[in-house]
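Below is the structure I would like to discuss, written out as C-alpha cells.
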Amino acid sequence: MKRMKRSLSFLLAMLMLLSLAACGGKKDPAPPDDNGTSQPGPQDPLQSTVVQGTEADSYRKHIDIALTQQITTLDPGLVSNVQHYYLFNMVYNTLLFYDNSTKELSGELAETFAWADDTYTKIHITLRPDVVFHSGAPLTAEDVAFSLDRTTSTLVTNTYDHADVIDEHTLDIVLSQPNVDFMYVLSHNSSAIVSKASVEADPDLGGAVGTGPWVIDMKNYVAGDSVALVRNDAYWGEKPKTESITLRLISNASSRLIALQNKEVSLMTSVNPTEVSSAKSSPDITVHDYATAQMYYFAFNNTSGPAADDLKLRQAVAYAIDREELYLATGDTGASPATSFWGWHMQYYFDDFDLDLGYDPEKAKELVDQLDNKTLHLMVNTGSSDYRIMSQVIQEQCRRVGLEIVIDEVDSAGATANSKYASATHEAMLYSINMNDWDSDMGRLLSVGSNTNKAVLNNERITELLGLGVSTTDEAQRAAYYQEIQTLVHDNCFYIPLYYTSDTTAYETGASGMHLSYSRDHDYSYICIPEA
Amino acid sequence: MKLDSKKKEGLKQYRKRSALGEIFHRLRRNKGAMAGACILLVLFAVALTVDLWLDQEKVIGMNVRDKLQGPSLQHWFGTDEMGRDLFWRVVYGSRFSLAIGFVAVFVSLIVGVPLGAVAGYYGKKVETVIMRFTDIFSAVPAILMAVVVVSVLGTSTINLMIAVGVSSIPGFVRTTRAAVLTVRNEEYVEAARALGKSDLYIIFLHVLPNCLSPIIVQTTLRVASAIVSASSLSFLGLGIKPPAPEWGALLTAGRDFILDYSYLTFFPGLAIMITVLAFNLLGDGLRDAMDPKLKR
Amino acid sequence: MQDKAASGTLAPEEPVLDIQHLTVHYVLEEETVEAVNDISIRLEKGRILGLVGETGAGKTSTALAALNLIPDPPGVIRSGSVKVCGRDMLRMSQQELEQIRGRDVSMIFQDPMTSLNPVFTVGEQIAESIRLHTDCTASEAMERAGDMLELVGIPRERAGEYPHQFSGGMKQRVVIAIALACSPKVLLADEPTTALDVTIQAQVLDMMIALKEKLDTAMIFITHDLGVVAEICDEVAVMYAGRVIERGTLDDVFNHTKHPYTEGLFNSLPDIQDRTAALRPIPGLMPDPTRLPKGCAFAPRCPYASPACIETVQTERAFSETHTVMCSAYEDPAFHIRREEV
Amino acid sequence: MGKYIVKRVIMLIPVIIGVSLLIFIMLDLAPGTVLDQIANDYTPEQLAALEHELGYDRSVFYRYGMYMWDLLHGDLGTSYIYKAEVWDLYMQRLPATLLLAGASVLVSIVLSIPLGILAATKHGSLTDNASMVAALLGLSMPNFWLGLMLIIVFSLNLGWLPSSGFKDGFRSLILPAITIGTGLMATLTRTTRSSMLDVIRSDYLRTARAKGVPEKTVIRKHALKNAMIPIITVIGTQMGRTLGGSVVTENVFSWPGVGRLTIDAVKQRDTIMVTGCIIMSVIMISLIQLLVDITYAFVDPRLKSQYASGGGKRKLARAAGGGQT
C-alpha cells in the first residue's frame, strides 16, 4: 500500500512537470481553413520524398540498413507490417504503383488496368510482357492469380473473390462485393506477386522469389535478424546502383544511432527522440523527421464490460484526456493531436463535429459525478514503452476528474489474445494503427469480426456505411458516408483518437535514392552512396 | 598427579574454537570478504533508513532547468532527463535492489531447501524424482525461465522477484541435497531416528541446522546473482519500470541517453556492480572459510 | 656446540653433507611450530646415517631443509647452513638450487602413492631428472630412464606406463629410481619403506643398499624403525622435538645407549626373546611443538627427570669421539639409565 | 566408447521429454497463443483452420502429444511466427552462437587460468586477494552494462570496433566476447585457484622440485596438468551454458544468436520454437559434456584406463571435477 502511494506520488510529480511543460509549449491552435474545418494532422506534413543526391562515378558496393523490428518471414503473402514492407518493396512488385505524393495510381507489373464493370467488382489487367522472376521464370497471369489467391491479408481477402486468367498476360480480378478502393489494395505489398512455380516447388521458401530489383541471398538469411539482398541484374525496370544491401535488426534506438555514427549501418529509422538533436548536430548524419500515418488511440470494449453501455463513462474519459500531455510524455515532439478517428492524410477526413469532446476536465467531472461505476480497467501492452507511459498519464488525468483507471499490464501476446474480436475480455485498451491512404482502410477497425477492431464494435449503421463507401466513386456521396462514420464514432466515443505520431529517418550524409514516405513503408531500392 | 595436571594443560592447548567461531575467525582474515561485509553494512543501513533521512523531494523532485547536467559537486552523479538528482535516486534505489535480491532468494530458499532436504534425506525414489525434475528445470537457462515466469504472471515487482527466485531453485535443491547427504547418516540423526522422532522433525531440527553453511554461502552468492538477473530483466523490458528508481530501471532508462549522457548509465551500473561485488566477496569469503579442504 | 662430535675415526675428507645449527620454524598465524631446533649433522661419502624419532620430531623437516624445500609459507629457516659438497644450499639462488637438487642431492619421499605425478609416465618422470642435469637428448634420457628402471628391478618396457598401473612397492622403486637417476652424492630417504608391506620392505631395503654400494652415495635414512636402522646404518642420530638428543655410531647408540628417550624407544620394542613381556611404551605425548620448554623437551615424560631438567638449557655432552648425548642429568657423574644396568 | 555414447543419448531422452512438457505447460498458462501473434495476418476462417490444425482447440497435452510425435520422427516442428522449420531457424543462428560462445570461453580461459595460477602460487598474499577481486568483478558487472560501456568507449569514442552484428567477423566478436568472457571469469579463476592449491600442496610436486625441476616448469607442466580436470569441467559447463544463448549480450550487440531467438519466441508464445531451441541447447550441452569427458582421458591417464575398462567413469570424472556448480 505504501509503495503504491509512493509510486503515485512519483507519477503525480512527473505529471505536474509535464503540464508545466505543456503550458509553456502550447502552440496556437491551427487556424480554421476555408471550409470552417480545422486543418487535420501536422502543420506541414512531409508527403513523400525521394532523397536527391549528386551523381558520382562510382558508388559504394554494399550498404547496411538498420531495422527496428524483426523481419520474420520473406513471404509477402503471409505477413503485413511496416518492417516487412521495406523488404517487400525491394524484392517484389505489385500490379499497380501508388504514388502518395500525387495520390495517383499507375501500372507496375500491369501494363493496363481498368474496371471491367460499373459495379466495381471486376478489374481487367494486362501484364508487362518482359518481366521475369528471380528464378528466371517469366511472369504470367497464372502467377498473379496464384499470388492473390494465397495471400492471407484481410485487406485482400475481404473483397477479393477470384481471378479469371484469360491468357498468359491478361486476367480479370473478380471481387466478392463492390470495392472502389481495391486498386489501391493491388498497389499494396499484401498483393505482391510471387512465383507460382517456386512456391509449389518449395512451400516454405518459394514465397521468397519475386520480380523486384533485389534478390534475397538465402544463404545469408537469418530469420528475425537479417536479410541479405543482392542486385537483380535481370530487373525489368531501373537497376539499383548498389550491389548488395543487408537489412538487419538493431532493436534499440540508441544502439541504432551508435551503429550509424560508427558507420556500421548507413540508414536507420526511428531515432530516439532524446537523441534527435544530437544526431542532427553530427555532420556525418542527415536526419529527416516527418509526421506519419500512424495513429494512437484509446479503444473501449463496446460489446461487454462497463464501457459498453455507458456513453457517459466513455465521454468522461474523452473529456479527461489532454492529448498534448500524452505525446510530450512519450517524447514524440513532432506528434499532432487527433480529433477524428480517421487518417489526416485521407481524402474524406472530417472533424468539424457539433459535439466538442476536446480536453475539458470540468465536463469530465460533471459526467463522472453522474456515473455509478467510476472504475475502468485499461489493458496495456508493456512491450511498448509508449503504451506504458500513455497509460500512466491517462490514469493520472482520469484520477484528476475522479475516475479510477486500473492498469492491467500484459505483454504483447497477452494484449492480442485478450482483445480478439470473438473473445475480447478487455474493458479498454491502448493501440495504434498504420493507416493506408484510402478511406475504406478504416474498415479494419470498424467492421464486425475483424481482430483489429479493438473496440469490438458491432454497429449496424457503421457496417452499412462502410459497404456504401466502397460501392460508388461519387466523391460527394463518399464524403457524406465517411463523415457520418466519423461522427458516429466520435459522438459515441467508441474509440478516442489520441495523436498522430511522427518519425525520423537518419542516414549517412551523401546517401540518396531512398523514397521516404509518411506511410513509413519507405522504399530503399535505389539507395546509393557515392564512393569517397 | 603432577602428570595428570600437565595432561590437562596439554589438552587445553589443543582445544579448538567452536565451528562457528572458527569460520568467523577465518572470515575475518579475508580482507576481501571484510570489505564486502562493510559495503553491505553501509548499504543495509542506507536501505533500511533512507525513508527517515532522505527528503523524498530529492528523489522525485523534478527541476527541468537542471535536467541532464553532468556530474558536479552539487549533483554528484549528475541529473536525469527530469532534472532529478541521480545520486539520490541511486541511494534510494538501494532498497529496491536489495529487496529484490532478498525476496527472490527467499522464494528459491523456501522451495529449494525443503525439496533438496527431502531428496537428500529419503534418497531412493523420492530423490530420483526430485533430482530428475531439478535436472529438467535447470535445462532451461535461468534468464529464459525468468522470462517465461514473467510471461505467465505478468510484469510487476512481486512477479519479478518470483521469476528471479524460481530460476534459482535448482541451485538450492542441489546444494541442500548434497549437504544433507553428508549428514543424514551421522550418529545424531540415527539417534533421533531411533528415538522415534518424525522425519519432518529430524529434517528440520537435526539435519538442516547442520547443513547451514553451504546454504548460507549459496544464499549470499544467489542474492548477488538475483540482483544482476533482476536488472537484466529490467533491461529486457520485463522488470520494474521507470520511474521507480530501481537500479536496473535507472540503467535501462539511461540507455536512451547513452550517446550524450552516458553517466546516466554509468552510475547505476556502478552501484549494481559494487553491491553485487560485495555480496560475491562475502559469499566467496564464506565459502573459503567454510571449506574444510582449506583448513590445513 | 661441539663440532668435533662425528669426526675422528671417519674418513678425513670433507663431508658431503654438513648441516650446521639448522633451525626451522613454521610460522602460523597465531603460533610458531618449532620443528627443528639448532641441529647439526655431518655425513661423509658412502656412509648411511639413520635419523630416528617419533612422528613430529622434525626428521622430515630436517631433510627438506637440506634440499631447501621447506614450504614457505609457513616454513622459515631461521638460522644455520646446509652444505652439500661444500656449497651452502640455504644461500643459493633459485637457479643454482635447481641445478643441485636431483644432481648432487636428492630425496626419496615417504609415500610412494602420492609422490609420483599421476599424469606422466614413470619413464618421463625419471627422464625429466636426467634431461635436466645431464646434456643429452630426449631419447637418450628415456634410454637411461629405462636403465634406471632395470636397476631398481622393473622391466624397462614399463617405462611408458602411468603410476596408477604400478603397485605400491613398484612405485617406491620408481621413486628411488628418480632419486638416483643422476647418481647423487647425497640421498635423503624419508621413511622409504614405511608405506610398504614387510616382504616388499626387505626387497626395497636390499636394493637400496646395493645401489648405495654401486653408486657410493651417502645417505640419510629417516625412519622410526630401529630394526631397519640396525640393519643398514653406519651412524645413528635420535631426534626428539626438533633436537638431536643422542648421536653416535650404530654401536654407540644401540649398545651404549645414554639418553633416557633412546632407552624408552628400545623399551617400547617388543622383546622377541620374551614374548610374554608386556610392551613398555613411553608414557605421555610429544610436547606441543609450538611451546617447547626452555630446557629438556622430554622431561615431562622422562622417568629420571628432576624439576631442573625443564629449566636447564641442554647442551651436547660427548661420551666418546663419536657418541654425544643431550641430557643434563649427566651433570651428576653417578647418573646412568637402567638399560645400562642390564 | 560407443556404448558410453549410447548411454548418454538414452539419458538425454527423459530430460528432453520433461523439459518440453514443462515449456508447453508454462507457455500454455501464459495469456495468448502464437496464433494471436499472427492473427492480424489471417482471416478469422483461416485462423480457425490453423487453430484446429495446430491443436489450439484441444488441450495442451494434445498439442504436446502432437509435438512429441513429430519429434519422434526427427521433426522439431514449424514456427508459425517465422513460418519456417525450427531446425532451419536454429541452424541459421548456430554459427553466430558457436562463434560467440567459443570466443567468450576463450577470453575467459586466457584471463582466468593465469590469474587463478597466480592466486594459487601466491596463496594468502595481497596478489591472491587482488586476483580474486578482479575475477569477481567480471561476475559482478551486469553484462549489458559492461557491454554498453565497452560500446561507448571502443565504438563510440574511439571508433575502433563495431557495436552491432557479426558481419565484421573477428572485429565484431571482440566486444561481445569480452562482455561474456569476463562474466565467466569468476568461476573459472576460482576453480583454477582451488584446484591448483590442491595440487601445489601435493607430494608429487615436491618430488618434482626435489629433482631440480625449475619452478616455472613445476607450475606449468606438473601442476597445471594435474589441476586440469576441474578446470576442463568448468570450461565445458560454461561453453554449454553460453551455447544456450546469452540473451542480454546478444541484445546489446544485436548479435544474431539463439538466445534472442528463444526469448523472442517466448514473447511471441511460439511454444514450438522455444521448445525446439531448448531441446537443441540440451543436446548441445550434452555434446559438450561428451567432448569434455573425452578430453578428461587425454589429461588424466587414470581416467583413460577407466574408459577402456568401461563403467564408473562418470562418477570418477565427477569426483575429479570437484563440487563446483
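The values are calculated or read from the model by the stated rules, or taken from the named source; none is laboratory data. Just so we're clear, the structure is a prediction, and the values are computed from it rather than from any experiment. As a convention, Cβ positions derive from the backbone with ideal geometry for all residues, glycine included, and neighbour counts pool all protein chains shown.
From the residues in the range A:240-262 that are in a loop (DSSP other than H, G, I, E, B) and at pLDDT 90 or above, which one is nearest to the other protein chains (Cβ to nearest Cβ)?
A:I250
Can you pull out the residues in the range A:388-411 that are closer than 17 Å to A:Y297 by Cβ and within 8 Å of another protein chain (Cβ to nearest Cβ)?
A:R388
Just give me the residues in the range D:122-138 being surrounded by fewer than 24 Cβ atoms within 10 Å (Cβ to Cβ) and within 23 Å of the chain's Cα centre (by Cα), in sequence order.
Those that are surrounded by fewer than 24 Cβ atoms within 10 Å (Cβ to Cβ) and within 23 Å of the chain's Cα centre (by Cα): D:A134, D:L137.
Of all strands (runs of 3 or more DSSP E) completely enclosed by the range C:11-119, which ones contain at least 3 residues that are more than 11 Å from chain D (Cβ to nearest Cβ), touching a residue at least 24 places away in the same chain (Cβ under 8 Å) and surrounded by fewer than 17 Cβ atoms within 10 Å (Cβ to Cβ)?
It comes to C:75-84.
Can you tell me which of D:L47, D:L100, D:L106, D:L76 is in contact with a helix residue (DSSP H, G or I) (Cβ under 8 Å, 6 or more places away or on another chain), surrounded by 20 or more Cβ atoms within 10 Å (Cβ to Cβ) and assigned by TED's automatic domain parsing to the domain that holds D:I231?
D:L100
Out of (1) within 18 Å of C:K214 (Cα to Cα); (2) at pLDDT 85 or above, what's the single condition that is false for C:R158?
So C:R158 meets the others, but not (1).
Counting only residues that are more than 21 Å from A:G305 (Cβ to Cβ), surrounded by fewer than 23 Cβ atoms within 10 Å (Cβ to Cβ) and more than 14 Å from chain D (Cβ to nearest Cβ), how many does the range A:436-462 have?
Qualifying residue count for the region: 2.
Against the conditions (1) in a loop (DSSP other than H, G, I, E, B); (2) within 12 Å of chain D (Cβ to nearest Cβ); (3) free of Cβ contacts under 8 Å to residues at least 40 places away in the same chain, where does A:G224 fall short? Just the number, please.
So the condition that A:G224 fails would be (3).
Another one. Which residue pairs have Cβ atoms closer than 6 Å, lie 6 or more positions apart in sequence or on different chains, and pair a first residue in the range A:63-86 that is under 28 Å from A:E531 (Cα atoms) with a second residue that is of a type in the set (S, T, N, Q) and not in a loop (DSSP other than H, G, I, E, B)?
These pairs meet every condition: A:D64/A:T246; A:L67/A:Q83; A:T68/A:T269; A:Y85/A:N189.
Tally time: how many residues in the range B:207-231 are over 25 Å from B:S97 (Cα atoms) and in contact (Cβ under 8 Å) with a residue 12 or more places away in the chain?
4
Specify the residue that is farthest from D:M68 (Cα to Cα); the eligible residues are those in the range D:78-96 that are within 11 Å of chain A (Cβ to nearest Cβ), in a helix (DSSP H, G or I) and in contact (Cβ under 8 Å) with a residue 60 or more places away in the chain.
Filtering the range D:78-96 for residues that are within 11 Å of chain A (Cβ to nearest Cβ), in a helix (DSSP H, G or I) and in contact (Cβ under 8 Å) with a residue 60 or more places away in the chain, the one farthest from D:M68 (Cα to Cα) comes out as D:A96.
Identify all residues within the range A:333-386 that are surrounded by 18 or more Cβ atoms within 10 Å (Cβ to Cβ), assigned to a loop (DSSP other than H, G, I, E, B) and among the hydrophobic types (A, V, I, L, M, F, W, C); write none if there are none.
Those that are surrounded by 18 or more Cβ atoms within 10 Å (Cβ to Cβ), assigned to a loop (DSSP other than H, G, I, E, B) and among the hydrophobic types (A, V, I, L, M, F, W, C): A:A335, A:A338, A:F341, A:W342, A:W344, A:M346, A:F350, A:L357.
Which residues, taken from the range A:373-415, are free of Cβ contacts under 8 Å to residues at least 24 places away in the same chain and not small (G, A, S)?
A:R388, A:R399
Okay, moving on. Restricting to the range A:94-140, count the residues that are within 29 Å of A:T49 (Cβ to Cβ), touching an Asp or Glu at 6+ places or on another chain (Cβ under 9 Å) and outside any strand (DSSP E or B).
Residues that pass the stated criteria total 5.
Could you say whether any residue in the range A:423-432 is closer than 23 Å to A:S304 by Cβ, at pLDDT below 90 and buried (at least 21 other Cβ atoms within 10 Å of the Cβ)?
yes
Identify, please: which residue in the range B:254-263 is more than 7 Å from every other protein chain (Cβ to nearest Cβ) and surrounded by fewer than 24 Cβ atoms within 10 Å (Cβ to Cβ) and is, among those, farthest from the chain's Cα centre (by Cα)?
Among those residues, the one meeting the criterion is B:Y261.
What are the residues in the range D:221-253 that are within 13 Å of chain B (Cβ to nearest Cβ) and aliphatic (A, V, I, L, M), if any?
Residues satisfying the conditions are D:L243, D:V247, D:V248, D:V252.
Tally time: how many residues in the range A:417-475 are at positive phi and among the aliphatic types (A, V, I, L, M)?
1
Can you name every residue in the range D:110-127 that is assigned to a helix (DSSP H, G or I), in contact (Cβ under 8 Å) with a residue 60 or more places away in the chain and at the interface with another protein chain (Cβ under 10 Å from one of its Cβ atoms)?
Passing the criteria: none in range.
Filter the range A:48-87 for residues that are within 21 Å of A:R256 (Cβ to Cβ) and under 15 Å from the mean Cα position of the chain (by Cα); which is farthest from the other protein chains (Cβ to nearest Cβ)?
A:Y86
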